[in-house]
Amino acid sequence: MPNRSSAPAATTPPHCPNPDCVFHLDSTGWRFKRAGFFLRKTRPHRIQRYRCSQCHRAFSSQTFSSTYWLRRPDLLEPVFRAEVAGSGHRQIARQFGVVHATIQRLIERLGRHCLLLHETFRKAAQTKLGDEPLVMDGLGTFAGGQYWPLELTGLIGTRSYYSHDFVVTERRRAGTMTALQKKRRAVYEEKLGRPDPKALTRDILELLRTNLPAHARVELRTDEKSEYRTALNRLQNPELEHHTTHSKAPRTAKNPLFAINAHHMFVRHSGANHKRETVAFSKRIQAVIHRHAIFQVWRNLVKAASERRPTATPAQRLGLTDARWSVRRILQSRLFLRRIGAPERVLRCYRGENVSRFARNERACSYRFAA
Ligand SMILES: [Zn+2]
């Protein structure tokens with residue numbers, strides 16, 4: 001079977017892949033030489049190699065493909081689809097006959113790719129902020145176990161349903177607990193420390209700062225959570241109009257927070273890790289972030305905004321794209337961090353620096369070459 005997804009992204013290298021080379025950002029006047037080829041087991045078997053005439057870095061046509069360095073380039077696209085179709089990683093692994101660590105690595109790569117792809121739309125999305133009210137709310141979930149709850153806060157357009165951004169915050173386990181559960185929580189907290197109670201306010205403030213330009217005229221809807229009010233007071237944007245709705249108000253289409261309520265239902269429906277009472281919950285905070293980055297890109301660019309009238313995607317409604325994207329188009333070519341750039345908060349997610357205190361052998365990832 002011809003394997004189109006493993007085809008090289010471009011026949012002519014678009015720029016030098018070395019981030020330290022002067023021709024990495026701007027390829028005007030760039031010269032490179034062909035430098036032989038190598039053979040590989042998947043199609044196309046013959047891969048052209050090149051060398052930069054400026055920095056002498058060797059590379060190949062595969063360097064610019066989203067499947068660079070993969071032994072199974074054919075898996076990247078189907079794994080993306082399975083991820084947003086609500087499958088657990090071990091289920092996906094069984095489907096393709098590989099070990100689940102392979103799926104995990106592919107999801108991490110897809111997550112990084114999607115974080116960068118989302119950044120390419122950020123500036124254009126910011127110019128459309130005045131077009132519609134925004135709505136912000138958190139989804140309760142957890143990673144590693146019920147003792148480690150997380151709040152996944154999203155910022156969504158009320159009419160376009162475009163997801164502008166999200167932030168994942170560690171919370172302390174609360175709510176009804178048995179005496180044994182309280183004792184266990186105390187033991188864990190003694191050993192591993194307690195999540196910062198001010199983390200939510202801090203993260204919300206950072207989320208708003210990254211997404212709302214200073215003095216942006218926006219209407220923001222939230223529920224009555226005190227952290228939102230504190231963060232908005234600290235933001236000091238006189239042009240921002242804040243409207244609150246009680247979280248117990250009926251969650252119908254008439255509810256002012258409908259867009260985010262629907263978004264969260266869809267998050268639980270599409271991601272196996274956010275389903276209630278599941279065994280497929282994420283084991284690390286960083287995994288929640290990678291998986292949600294994939295979901296966000298798919299929701300904005302591929303999935304129709306309305307299921308009943310599937311005419312346009314959220315990105316189309318906002319005027320960011322003129323057609324529905326396919327998963328193949330999302331993975332068309334490799335994205336380079338330095339060429340795109342990202343706010344510090346997103347960079348931490350990209351570099352895998354969100355360490356889970358409860359996970360064994362947890363450490364921040366270090367990627368020397370991989371982008
Ligand atoms: Zn170079």
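Scanning region 325-347 for residues that are under 17 Å from the mean Cα position of the chain (by Cα), within 16 Å of residue 119 (Cβ to Cβ) and assigned to a helix (DSSP H, G or I) returns 330, 337, 340, 344, 345, 346, 347. Of the residues making up region 307-330, those that are surrounded by fewer than 23 Cβ atoms within 10 Å (Cβ to Cβ) and either in contact with a helix residue (DSSP H, G or I) (Cβ under 6 Å, 6 or more places away or on another chain) or touching a residue at least 60 places away in the same chain (Cβ under 8 Å) (or both) are 317, 319, 320, 321, 325, 327, 328, 330.
Taking the condition among the aliphatic types (A, V, I, L, M) and surrounded by 14 or more Cβ atoms within 10 Å (Cβ to Cβ), does residue 106 pass?
Numbers: among the aliphatic types (A, V, I, L, M): yes; surrounded by 14 or more Cβ atoms within 10 Å (Cβ to Cβ): yes.
It is true that residue 106 is among the aliphatic types (A, V, I, L, M) and surrounded by 14 or more Cβ atoms within 10 Å (Cβ to Cβ).
Yes or no: residue 217 touching a helix residue (DSSP H, G or I) at 6+ places or on another chain (Cβ under 9 Å), basic (Lys, Arg) and under 23 Å from residue 123 (Cα atoms)?
Spelling it out, residue 217 is indeed touching a helix residue (DSSP H, G or I) at 6+ places or on another chain (Cβ under 9 Å), basic (Lys, Arg) and under 23 Å from residue 123 (Cα atoms).
Could you tell me whether region 289-305 includes any residue that is of a type outside the set (Phe, Trp, Tyr), over 17 Å from residue 164 (Cα atoms) and either in a helix (DSSP H, G or I) or at pLDDT 95 or above (or both)? Among the residues of region 289-305, not one is of a type outside the set (Phe, Trp, Tyr), over 17 Å from residue 164 (Cα atoms) and either in a helix (DSSP H, G or I) or at pLDDT 95 or above (or both), which makes the answer no. In this structure, does residue 80 turn out to be modelled with pLDDT of 95 or more and in contact with a Pro (Cβ under 7 Å, 6 or more places away or on another chain)? No, not satisfied.
So, of the residues in region 1-34 that are aliphatic (A, V, I, L, M) and modelled with pLDDT of 95 or more, which turns out to be nearest to residue 71 (Cα to Cα)?
Initially, region 1-34 is screened for residues aliphatic (A, V, I, L, M), giving 1, 7, 9-10, 22, 25.
Still in the running and modelled with pLDDT of 95 or more: 22, 25.
Numbers: 22: 31, 25: 29 Å.
Across region 1-34, the extreme among qualifying residues is 25.
The one condition from (1) within 17 Å of the chain's Cα centre (by Cα); (2) among the aliphatic types (A, V, I, L, M); (3) not in a strand (DSSP E or B) that residue 180 does not meet is (1). Cβ separations smaller than 8 Å between residues 6+ apart or across chains give the following pairs from region 12-30 residues that are hydroxyl-bearing (Ser, Thr, Tyr) to residues that are in a loop (DSSP other than H, G, I, E, B) and near the ligand (Cβ under 8 Å from one of its atoms): 27/16. Checked against (1) of a type outside the set (Gly, Ala, Ser); (2) within 16 Å of the ligand (Cβ to nearest atom); (3) more than 17 Å from residue 334 (Cβ to Cβ); (4) assigned to a strand (DSSP E or B), residue 50 passes all but a single condition, namely (3).
Scanning region 262-286 for residues that are in a helix (DSSP H, G or I) and crowded, with 19+ Cβ neighbours inside 10 Å yields a count of 9.
Checking each residue in region 97-141 for being of a type outside the set (Val, Ile, Thr), over 22 Å from residue 352 (Cα atoms) and free of Cβ contacts under 8 Å to residues at least 24 places away in the same chain picks out 97, 123. The single condition among (1) under 23 Å from residue 105 (Cα atoms); (2) in contact with a helix residue (DSSP H, G or I) (Cβ under 9 Å, 6 or more places away or on another chain) that residue 361 does not meet is (2). In region 19-26 there is no residue that is more than 24 Å from the chain's Cα centre (by Cα), more than 16 Å from the ligand (Cβ to nearest atom) and not in a helix (DSSP H, G or I). Among the residues of region 59-90, those that are within 16 Å of the ligand (Cβ to nearest atom) and either part of a loop (DSSP other than H, G, I, E, B) or touching a Phe, Trp or Tyr at 6+ places or on another chain (Cβ under 7 Å) (or both) comprise 59, 60. Between 144, 138, the distinction of being of a type in the set (Gly, Ala, Ser), surrounded by fewer than 23 Cβ atoms within 10 Å (Cβ to Cβ) and either under 14 Å from the mean Cα position of the chain (by Cα) or not in a helix (DSSP H, G or I) (or both) belongs to 144 only. When residue 98 is tested against (1) at pLDDT 95 or above; (2) at positive phi; (3) more than 16 Å from the ligand (Cβ to nearest atom); (4) not charged (D, E, K, R), exactly one condition is not met: (2).
The values are calculated or read from the model by the stated rules, or taken from the named source; none is laboratory data. Quick caveat, the model's predicted, so the values are computed rather than measured. All Cβ positions, even for glycine, are placed from backbone atoms using ideal geometry, and neighbour counts span all protein chains on display.
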